[in-house]
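Here the structure comes first, spelled out in structure tokens, and everything after it is commentary.
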Amino acid sequence: MKSPLLSLPGAVPAEGVDEGVAAHYGELYREQRALADGAGFVDLSHRGVIAVTGDDRLSWLHLLLTQHVSDLPPGQATEALILSAHGHIEHALYLVDDGTTVWAHVEPGTQDELLAYLESMKFFYRVEVADRTEEFAVVHLPAGSIAPAPDGVVVRETAHGRDLFLPRAELEAYAEASGPAIGVLAHEALRVEAHRPRLGFETDHRTIPHELGWIGTAVHLQKGCYRGQETVARVHNLGKPPRRLVFLHLDGSEVHLPGRGTEVRLAAEGPDGRKIGFVTTSARHHELGPIALALVKRNVPVDAGLLVGTTAAAQEVVVEP
């Protein structure tokens with residue numbers, strides 16, 4: 001869906017998965033600094049919005065999700081995954097219950113497949129599932145923001161900020177009253193700095209939660225059975241996920257950022273050495289310079305220098321080997 005905020009002065013459209021909203025509004029680093037200081041808002045209106053209603057909504061979702069949500073208090077935010085039978089990540093949901101409805105926002109374009117899966121699992125439960133993307137837009141306020149949420153708007157509040165489920169028809173009026181608008185590139189740079197994984201970026205067809213540090217934030221290890229739980233329990237007990245997420249400081253002398261999928265090698269083996277991982281997301285940070293997240297093999301030494309393509313990189317541990 002194309003955001004009306006793309007008509008704001010200086011707006012440069014985002015590409016790829018984030019198409020439909022602004023990458024930035026002309027001043028990328030200024031926008032990053034503002035966001036880091038708790039100012040402005042990010043238009044995430046391209047994200048999918050799913051609503052689940054009915055008396056059984058929490059107990060039903062509890063059976064399907066990796067997170068413990070059967071007793072989720074109204075207003076308490078959480079995040080959860082849906083896994084395949086083999087424990088691979090298929091969906092990531094960012095949830096809040098308002099007392100009558102569970103609201104979730106998901107990656108752009110994934111809501112149709114998610115909705116189809118949820119509909120197939122309703123059986124005799126008293127639940128209704130709806131795609132509300134055309135009616136509601138997600139707006140992100142950074143941590144530290146003192147901007148008030150409009151009356152009646154559902155808010156999902158975490159340590160990283162507040163997500164508003166804003167009626168889409170009110171998006172332009174909200175922007176006019178609550179600016180400045182900040183593009184998704186600034187939001188992504190701060191996400192990478194915070195080591196936060198994103199579905200479709202840090203994940204591929206075989207990613208399991210342990211590799212990305214989603215254990216603890218999106219996976220509850222003491223809850224009952226859900227699809228893929230056997231893999232979660234086995235890997236948790238053995239402690240040996242095949243890959244691990246790392247944060248990279250990239251050589252700032254390079255002009256171009258490495259794209260997703262750029263191969264990572266050990267610096268000691270040179271650019272023709274064996275592949276030990278790949279870049280998942282890269283960004284330009286207003287203080288740290290060029291940075292990235294990457295998935296590497298679990299047994300890569302934590303103090304090893306790396307090469308991203310031909311660019312030197314130093315790693316920080318995100319997931320312990």
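Of the residues making up the stretch 87-107, those that are in contact with a strand residue (DSSP E or B) (Cβ under 8 Å, 6 or more places away or on another chain), surrounded by fewer than 21 Cβ atoms within 10 Å (Cβ to Cβ) and touching a residue at least 60 places away in the same chain (Cβ under 8 Å) number 1.
Residues in the stretch 270-289 that are surrounded by 20 or more Cβ atoms within 10 Å (Cβ to Cβ) and farther than 17 Å from Val255 by Cα: Ile276, Gly277, Thr280. Of all residues in the stretch 115-133, those that are of a type in the set (D, E, K, R) have Cβ atoms under 8 Å from Cβ atoms of residues that are in a loop (DSSP other than H, G, I, E, B) and loosely packed, with under 14 Cβ neighbours inside 10 Å, 6 or more apart or on another chain, in Arg126/Asp55. Contact list please: Cβ distance under 7 Å, first residue in the stretch 214-230 and farther than 26 Å from Ala159 by Cβ, second residue modelled with pLDDT of 90 or more and of a type outside the set (Gly, Ala, Ser), pairs at least six apart or on different chains. As it stands, the answer is Arg227/Leu83; Gly228/Leu83; Gly228/His86, since those pairs meet every condition given. Just one of (1) assigned by TED's automatic domain parsing to the domain that holds Trp103; (2) small (Gly, Ala, Ser); (3) under 16 Å from the mean Cα position of the chain (by Cα) fails for Gly16. It is (1). Residue-level analysis places Tyr117 among those that are among the aromatic types (Phe, Trp, Tyr), assigned by TED's automatic domain parsing to the domain that holds Ser59 and closer than 25 Å to Thr217 by Cβ. Applying the set (1) crowded, with 18+ Cβ neighbours inside 10 Å; (2) among the charged types (D, E, K, R); (3) in the same structural domain as Gly54 (by TED's automatic domain parsing) to Asp112 leaves exactly one unmet item: (1). Considering Leu221, Leu171, Leu185, Leu199, the condition of being in a loop (DSSP other than H, G, I, E, B), at pLDDT 95 or above and not assigned by TED's automatic domain parsing to the domain that holds Ser282 is satisfied by Leu199 alone. Here Arg260, Arg196, Arg206, Arg243 are screened, and the one residue that is touching a residue at least 12 places away in the same chain (Cβ under 8 Å), surrounded by 23 or more Cβ atoms within 10 Å (Cβ to Cβ) and either under 30 Å from Ser59 (Cα atoms) or among the basic types (Lys, Arg) (or both) is Arg243.
The criterion of at least 3 residues that are of a type in the set (A, V, I, L, M) and more than 18 Å from Glu211 (Cβ to Cβ) is met, among strands (runs of 3 or more DSSP E) falling completely within the stretch 260-321, by 311-317.
The values are calculated or read from the model by the stated rules, or taken from the named source; none is laboratory data. Everything numeric here is computed off the predicted structure, so don't read it as measured data. Note: ideal-geometry Cβ built from the backbone for every residue, glycine included; neighbour counts use all protein chains shown.
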